[in-house]
Every structure is written in C-alpha cells, then in structure tokens.
Amino acid sequence: MSNPILDIKDLRVRFKTEDGFVPTVNGVTFHVNEGETLAIVGESGSGKSVTSLAVMGILPPNGEVYDGEMTFRERDLLKISKKEYRALRGNEISMIFQEPMTALNPVFTIGYQLRETLILHQQLTKEAAHKKGIEMLELVGIPDAEKVMSRFPHQLSGGMRQRVMIAMALSCNPKLLIADEPTTALDVTIQAQILTLMKNLKEKSNTSILIITHDLGVVAEVADRVIVMYAGEVVEEAPVFELFENPKHPYTHGLMASIPKIHDVVENLYSIEGTVPNPTNMPKGCKFHPRCPLADKDCMTIHPELEYINSTHAKRCIKV
Amino acid sequence: MKYFLLNVLKTIPVLLLITLIVFVLVRVTGDPVSMMLPETATDEERESLKEALGFNEPLPVQYMKYLGDLVKGDFGESFRYDMDALDLVLERLPATFQLAIASMIVAIIISVPLGILSAVKRNSFMDLFITGGAVLGKAMPSFWLGIMLILMFAVNLQLFPVSGKGGLMHLILPAITLGTGIAAEMTRLIRSSMLEILGQDFIRTARSKGLRESIVVNKHAFRNALIPVVTIMALQTSTLIGGTLITETVFAWPGLGQLLVQAVNLRDMSVVQAATLLIAVFVILSNLIADLIYRLLDPRIKYD
C-alpha cells in the first residue's frame, strides 16, 4: 500500500452560532493515498464540504477545528503557521468548487486570475505566468486560450469557467486536488467532459484527488475508494467496486436504492424517509436510527464505532 | 459614446424644468424690487422700477424672455454687484470646487479604511465603535461641527485660521466639517458592501489560492465592493453641494454656496438662477461621470 498523502484522524469541526457551538464534523477519520481518488459521499448537511474546507484551512470565520489531527505530507496542518499554510494552498493542495458561475472574481480577467497563483507560488514573471496560463487553458481543453486570457468570467459558459477553475487549481502541480461537487452545477454532457478531464489529468500528473459529491454516478465514474458520511460521521468506507457490490450500512443501501433504474417502472421513486438531523439536535445512539429500516431498541442507545470488516471495508452499524 | 450623448440630451428637459421651478420660486416668494430701493421709496417709485425691469408682465412672458436670453448665454445682471450674473458665479466656482474636492478626499481617507476594517472585524468591539462613530458623524449637523472645530482648533489651540480663504491651512477645517458627514455615510456603505462581497464564492476561491488575507480583502473584495459605493458617491454630490452652502457660510469661504445664500437673502434673482442652474449641471455631470467609472469598475456592464 502506498503512503497516505493526507491523513485525517478524528477530525472535529464546530461552528459558533448565537446558540453556542454547533458541531458539524464529529470525529472523521480517513486518508488519501498518493495518486488515488477518494470520494466523500453524503447528503447536504452531512459535513462533507466542511471537512474539505477544514483541510484547506479556509473554514468561515465562525468555524473551527477543535479536535483531531490533519497531516499532509508529514506536515501537521493544525500546527503549521498561517504563512506555511498559505504556501500550501493553491500550490500543493488546491481546490475547485461547486459553483463555477460565482467562484471566479467578476472584475478580474481570466488571465489575471490564472497568473496570480503562478506569480505567487512559482515566482514567475508576469510574461512567464501568462505563457504558463495559456498552456494550462489548452491543457484543460479551452479553445482560443490566448483570447480567453483577456476575457472576464461572465463572458464564458459554466463549463468553460469550471475548466478555468481546474486549470487554475492544477497550475502549480498540486499533490492533492480537492473537488467540491465539481460537476453539480453543470449539465450532463459537460459533467461527463469535466470528469473525463479530471481523470486524464490525474493519470498524467499522479495528483491525488479528494472529490466531494452526492452523486453516486460521479463516484462510480472517478473514485478508487469511497467514504460515506452521515451527520458529520463516516458511516462506511470501502473501495468503489466493493461499495457498489456489497454495501453494508443501511444508509449506503438507501443511497443506492435511491438511484432510479432505467428499466424499472415504478409509481414513486425510492427515497430515504426523513432528513439529515439538525446538528443542534442530534439523535442519541446511532445518528441514523430515526430513518433506519433496521433500527431497534439498541440503536437508540448505542453509538456504534467504525468497524473494519476486512482490511479495506469499514461500517458504523451494529445490525449488519 | 452614443450612450453618453443620448444621456446628455436626456438632461435638457431636466434642466428646463429646473430653470422653471427656480424662476417661479424667486418671483412668488416676495416683492422683487423691495431690496433694490431704500425703505423710504414711494409706491410710485416701486411701480415704475417694476415696470422698467419688466416685472409687471405676466410670468409666462417673463419666463420666455429669460429663456431667450439664456440661450444667448445671457444670465442677466446682478443688481447687488452690478455685474454679469454668470461671471459672478464662475468667479466663485473654483473656491467651491476646492472645498468639495478636499472634503471628498477627507471622506475617502476616513471611510475606506474604517469601512473595510469594520467589515473584516464584524461584530467586534472595533466594528461597534466604527459604526457607532458613523451614526454620530451622520447625526452631527455640519454647522455645529464647524463651529466646534473653529472653537477648539482655531480659537483655543490656534492651529488653524478661523475663517476665510487662503492657503492649505484655511482649507482643513471646512473640509473636515463637510467631509465628516459624507465619511459617515460612506463608511456604513463600504462596510455593508464589503460584508456582502466577503461572503461570495470567489473570495473563498481567492483564499484557496493561498493569497494573503490583505490581498483577498483589499484587492479581490474591495474592487467589487467599490461598485455600489461609487454610485452612492455620485449621488452624494448633491449633498456635497448642499453642504457647501452651510459650511461656506460658517467659515466665510468665498464660494458658490456663500454667494447663493447671500443672493437668496438679497433677492438677487439673476444670481440665484445662474447659480442653481450651474449646480444642477454639476449634479447631472457627476452622475454621468459615475456611469463612466461604473463601467470601468464592472466589466459586466455594457451600454449599447
């Protein structure tokens, strides 16, 4: 097994609100190996995006990591100085976001925004950065790269903007790329193109990818390994094939069953009943028990630990 | 370019309306000749002066005559100063410009750092202090602030001259007086504009690139936050000019405002008309300039 490039242990994040601290990530443990694509799957509110922002060190001002460990290439992310963290961001760890429409600054040209990272982290001159920027745009399949450099974000389509984001994120050859729902805001054909692009680029540069999504189709397409998050916890972890073939946790089962099948004629699409619990009012015992078809009395009191059923597959459930 | 020409054309009816309102107002608010003659003048003397100056004709006829002269560039005579009203107004204009620009500079110097700071440190003691100060600054009447500044810095500490126009030292107190109110308004505006921008996705992107927080705030956020601020600043021009009326009177600053206040008191109609028309032109111009700056700041805006 290759070395983990990112190692997260028992990560806990909370947000300060008017009603006190609200925990949103409750002891998340996972790692990303070199050259691997790990997908984090979960519903809105499961804590997956917060986890990624915590890794980047860009939690909103009212959020904080209050426990746990984050190690990136043997560096303790919770101990390094702000300056050292900044030197990592956009350089060794970079990130692309869900909303290509709003993730680029509307008042600066594409060229400016691309050059900025290169000048900052690679100490390139403006001209060299410009050349490299054009190369990056070509690499992500943008036609007329030279012209696009002088355009503003609003002059590009959503798919093009996401390509620009990817070009920007990859421009300093990051060791880890965090992609937070990179295709959610795009239409289906563009989604497929962006995913293929990410896959190809990963193979070329051996970048590790941490992809955050709620779309199991995306998971099947790009991931090597998957962790399923629910209410700020990891409830299942498995290699991608194993997860699809042999899901253990009832929540994962629910997610799989929620995918509509093209040949089935059904009156209503399947859905997991209820919603993700509010972080201010977490159920006791197993956090999934109010929505779980298998839940019994024990589930209401016992909070299950993440158990490995073999060396790669883990689940957080006492019933299966 | 076409857009701006069109906009300039659109201002003509506005200016016409302003001339009409001012024209009627100065004539219906009192006897136009009462200030021109000594108190001992007889009714016959008053009547003959009115007749001679054409005040006995119906208002519409008088207005048309006034417009006719205006088109020829004739703004009438000031009977107080016995000179061309337009020349008189233009003579006073540079002093007002000087004061207005200095006040704007004071307002920018105060409001930009404070507005950004209170947005970045929102809900902190610092934020409370700044927004509280802004409310106070807005609430203080400028004539009162002006008198207090004169009392403290000119009379007691004798750091600045009390009034009048001279070098830079003469400019400082009136500029602070006029700039404070505008700074208060702008600080609150910059704060709320910055707060909105700092929550945007592209700010998170900028942070994820590893940029220093000062660059994220002062470059990525502030450039965007400026867009609404510029609009309001242009609208503030009218407040600024209104402010000069009071400030110039308090500091005996020989500008357009002081002239206008005197002219209104003396019923010097041609001067009132010329000054208001000129002020109207400036307000309209500053709005057009704001439009231009707006386009420079926000690439998403295109006028076709």
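The values are calculated or read from the model by the stated rules, or taken from the named source; none is laboratory data. Being a predicted model, the structure only gives us computed values, none of them experimental. Neighbour counts run over all protein chains shown; Cβ positions are idealised from the backbone, glycine included.
Report the residue count in the range A:90-108 for those that are β-branched (Val, Ile, Thr) and within 8 Å of chain B (Cβ to nearest Cβ).
If we filter the range A:90-108 for residues that are β-branched (Val, Ile, Thr), which is where we start, we get A:93, A:96, A:102, A:107.
If we keep only those that are within 8 Å of chain B (Cβ to nearest Cβ) too, we end up with A:102, A:107.
Qualifying residue count for the region: 2.
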Seminar exercise, completed: Matching residues in the range B:246-255 (in a helix (DSSP H, G or I) and either crowded, with 21+ Cβ neighbours inside 10 Å or aromatic (Phe, Trp, Tyr) (or both)) number 3
For this session: Quick one: B:LEU211 ticks every box in (1) surrounded by fewer than 22 Cβ atoms within 10 Å (Cβ to Cβ); (2) in a helix (DSSP H, G or I); (3) within 9 Å of chain A (Cβ to nearest Cβ) except a single one, so which number is it?
Result: (2)
For this session: Among the residues of the range A:246-281, count how many are part of a loop (DSSP other than H, G, I, E, B) and either at pLDDT 85 or above or polar (S, T, N, Q) (or both).
Result: 9
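Does A:THR125 fit the bill of being polar (S, T, N, Q), more than 7 Å from chain B (Cβ to nearest Cβ) and over 18 Å from A:PHE152 (Cβ atoms)? Spell out how you get there, then give the answer.
Working: polar (S, T, N, Q): yes; more than 7 Å from chain B (Cβ to nearest Cβ): yes; over 18 Å from A:PHE152 (Cβ atoms): yes.
In short, yes.
Are any residues in the range A:59-89 part of a strand (DSSP E or B), more than 11 Å from chain B (Cβ to nearest Cβ) and free of Cβ contacts under 8 Å to residues at least 40 places away in the same chain, and if so, which ones? Can you show your working first?
If we filter the range A:59-89 for residues that are part of a strand (DSSP E or B), which is where we start, we get A:63-72, A:75-76, A:89.
Checking the rest, the ones that are also more than 11 Å from chain B (Cβ to nearest Cβ) come to A:63-72, A:75-76.
A:ARG75, A:ASP76, listed by residue number.
Restricted to the range A:159-171, and to residues that are of a type in the set (A, V, I, L, M, F, W, C) and touching a Ser or Thr at 6+ places or on another chain (Cβ under 9 Å), which residue is surrounded by the most Cβ atoms within 10 Å (Cβ to Cβ)? It would help to see each step written out before you state the result.
Pass one, the range A:159-171, residues of a type in the set (A, V, I, L, M, F, W, C): A:160, A:164-170.
When the remaining residues are screened for being touching a Ser or Thr at 6+ places or on another chain (Cβ under 9 Å), the result is A:165, A:168-170.
Working: A:MET165: 26, A:MET168: 29, A:ALA169: 27, A:LEU170: 22.
That would be A:MET168.
Table: residues versus (1) under 20 Å from the mean Cα position of the chain (by Cα); (2) at pLDDT below 95; (3) surrounded by fewer than 17 Cβ atoms within 10 Å (Cβ to Cβ).
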site: A:ARG73; (1), (2), (3): yes, yes, yes
site: A:LYS79; (1), (2), (3): no, yes, yes
site: A:MET95; (1), (2), (3): yes, yes, no
site: A:GLU99; (1), (2), (3): yes, yes, no
site: A:ASN105; (1), (2), (3): no, yes, no
site: A:THR117; (1), (2), (3): no, yes, no
site: A:GLU138; (1), (2), (3): no, yes, yes
site: A:GLY141; (1), (2), (3): no, yes, no
site: A:SER157; (1), (2), (3): no, yes, yes
For this session: Specify the residue that is nearest to the chain's Cα centre (by Cα); the eligible residues are those in the range A:1-37 that are of a type in the set (Asp, Glu) and assigned to a loop (DSSP other than H, G, I, E, B).
Result: A:GLU36
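Give, as residue ranges, the helices (runs of 4 or more DSSP H) completely inside the range A:120-197 that count at least 1 residues that are closer than 27 Å to A:GLU84 by Cα and touching a strand residue (DSSP E or B) at 6+ places or on another chain (Cβ under 9 Å). Can you show your working first?
Details: elements: A:126-139, A:145-149, A:158-170.
In the range A:120-197, A:158-170 are the helices (runs of 4 or more DSSP H) which contain 1 or more residues that are closer than 27 Å to A:GLU84 by Cα and touching a strand residue (DSSP E or B) at 6+ places or on another chain (Cβ under 9 Å).
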Exercise. Conditions: (1) more than 22 Å from B:ALA107 (Cβ to Cβ); (2) more than 14 Å from every other protein chain (Cβ to nearest Cβ). B:GLY257 meets all but one. Number of the miss?
Worked result: (1)
Seminar exercise, completed: With the first residue restricted to the range B:199-212 and required to be under 16 Å from A:THR109 (Cα atoms), and the second required to be of a type in the set (S, T, N, Q) and surrounded by fewer than 19 Cβ atoms within 10 Å (Cβ to Cβ), Cβ contacts under 7 Å at 6 or more apart or on different chains are B:PHE202/A:THR102
Exercise. Filtering the range A:38-58 down to residues that are over 28 Å from A:SER271 (Cβ atoms) and not in a helix (DSSP H, G or I), which residue is farthest from the other protein chains (Cβ to nearest Cβ)?
Worked result: A:GLY57
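Each row is one residue, and each column tells you yes or no for (1) within 21 Å of B:SER193 (Cβ to Cβ); (2) in a helix (DSSP H, G or I); (3) charged (D, E, K, R); (4) more than 23 Å from the chain's Cα centre (by Cα).
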position: B:ILE109; (1), (2), (3), (4): yes, yes, no, no
position: B:GLY115; (1), (2), (3), (4): yes, yes, no, no
position: B:ALA119; (1), (2), (3), (4): yes, yes, no, yes
position: B:GLY137; (1), (2), (3), (4): yes, yes, no, no
position: B:PHE153; (1), (2), (3), (4): no, yes, no, yes
Exercise. Can you name the residue in the range B:196-205 that is in a helix (DSSP H, G or I) and more than 7 Å from every other protein chain (Cβ to nearest Cβ) and, of all such residues, is farthest from the chain's Cα centre (by Cα)?
Worked result: B:ILE203
Seminar exercise, completed: Cβ pairs under 7 Å, 6+ apart or interchain, first in the range A:207-221 and farther than 26 Å from A:GLU92 by Cβ, second modelled with pLDDT of 90 or more, ordered by first then second residue, are A:HIS214/A:VAL41; A:LEU216/A:VAL41; A:ALA220/A:VAL240; A:ALA220/A:PHE244
For this session: Might you let me know whether the range A:62-75 holds any residue that is touching a Cys at 6+ places or on another chain (Cβ under 9 Å), assigned by TED's automatic domain parsing to the domain that holds A:ASN26 and not β-branched (Val, Ile, Thr)?
Result: no
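Any chance the range A:30-37 includes a residue that's within 22 Å of A:THR275 (Cα to Cα), away from chain B (no Cβ under 14 Å) and surrounded by fewer than 19 Cβ atoms within 10 Å (Cβ to Cβ)? Walk me through it before giving the result.
We begin by selecting, within the range A:30-37, every residue within 22 Å of A:THR275 (Cα to Cα); these are none.
For the range A:30-37, residues within 22 Å of A:THR275 (Cα to Cα), away from chain B (no Cβ under 14 Å) and surrounded by fewer than 19 Cβ atoms within 10 Å (Cβ to Cβ): absent.
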Problem set entry | Residue list for the range B:214-238, filter: among the small types (Gly, Ala, Ser) and more than 13 Å from chain A (Cβ to nearest Cβ) | B:ALA234, B:SER238
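Of everything in the range B:164-178, what is assigned to a loop (DSSP other than H, G, I, E, B) and within 20 Å of the chain's Cα centre (by Cα)? Give them in sequence order.
Initial filter on the range B:164-178 (assigned to a loop (DSSP other than H, G, I, E, B)): B:164-167.
Correct list: B:GLY164, B:LYS165.
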Seminar exercise, completed: Result of the Cβ filter at 8 Å on the range B:51-80, keeping first residues that are outside any loop (DSSP other than H, G, I, E, B) and partners that are surrounded by 10 or more Cβ atoms within 10 Å (Cβ to Cβ) and polar (S, T, N, Q), at least 6 apart or interchain, is B:TYR66/B:THR19; B:TYR66/B:GLN273; B:LEU67/B:THR19; B:LEU70/B:THR19; B:GLU77/B:SER270; B:SER78/B:SER270
Exercise. Identify, please: which residue in the range B:186-195 is buried (at least 21 other Cβ atoms within 10 Å of the Cβ) and within 14 Å of chain A (Cβ to nearest Cβ) and is, among those, farthest from A:PRO174 (Cα to Cα)?
Worked result: B:SER193
Seminar exercise, completed: A:LEU114: passes all of (1) within 14 Å of chain B (Cβ to nearest Cβ); (2) of a type outside the set (Val, Ile, Thr); (3) farther than 17 Å from A:ALA185 by Cβ; (4) in a strand (DSSP E or B) but (4)
